[in-house]
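Q: For reference, the structure I am asking about is given below.
Throughout, read-outs are computed from the coordinates displayed, never taken from laboratory work. Here the structure is a predicted model, which is why all the values come from computation and not from measurement. In this analysis, Cβ positions are derived from the backbone assuming ideal geometry, glycine residues included, and neighbour counts consider all displayed protein chains.
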Amino acid sequence: MARNYRTPGRGGGEIDLIMRAADGTCVFVEVRQRQSASHGGAAASVSALKQRRIVFAARHYLMRYATLPACRFDVVTVQAGVVDWFQAAFEAQS
C-alpha cells in the first residue's frame, strides 16, 4: 500500500512498508538490518522510542480511513544474511 511513509514536519515518524494481509489487516512493517548480533542485533534496535514513532506515523496514515481497519505492527530483520519476520512484534499503546 505504501513504502517509506513519512509524517509531515519534524519529530514525526516513518514506516518502511504498509501492507495489507490476506484477511484485510493493515500491516505496518519496520525493516532492520545489522551485520552481526553484537549490541543486541537487528530486532533489539527497534527500541521503545522507535516503536512510538512508528505508531505515531501509523495513526497519521490511518486518518484517511472513515472506518479503521484491523492493524498490526511487524518487524522484519536481516542479520548475517538471515531474514526473520516477527508478526505482531509490538502493539500500539493508548
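Q: Do the sum for the chain: with -39,500 (n - 2.57) for every DSSP H run of n ≥ 4, divided by all residues, what is the mean residue ellipticity at 222 nm, to the nearest 500 deg cm²/dmol?
A: One gets -6000 deg cm²/dmol as the mean residue ellipticity at 222 nm.
Q: Give me the dipole magnitude in Debye, nearest 20, for the chain about the Cα centre, with unit charges on the beta carbon: positive for Lys and Arg, negative for Asp and Glu.
A: 360
Q: Among E30, E14, E91, which comes first, then next, by fewest other beta-carbon atoms within 10 Å?
A: Least to most surrounded, the residues fall as E91, E14, E30.
Q: Relative to the longest principal Cα axis of the chain, at what angle does helix 48-62 sit, 0 to 90 degrees, rounded to 10?
A: 30
Q: May I ask for the net charge around Q87, where only other residues with Cβ less than 9 Å from the Cβ of Q87 are counted and Lys, Arg are +1 while Asp, Glu are -1?
A: Computed value for this residue: 0.
Q: On to the next question. Return the percentage of antiparallel bridges among DSSP beta bridges fully within the chain, rounded to the nearest 5 %.
A: 60
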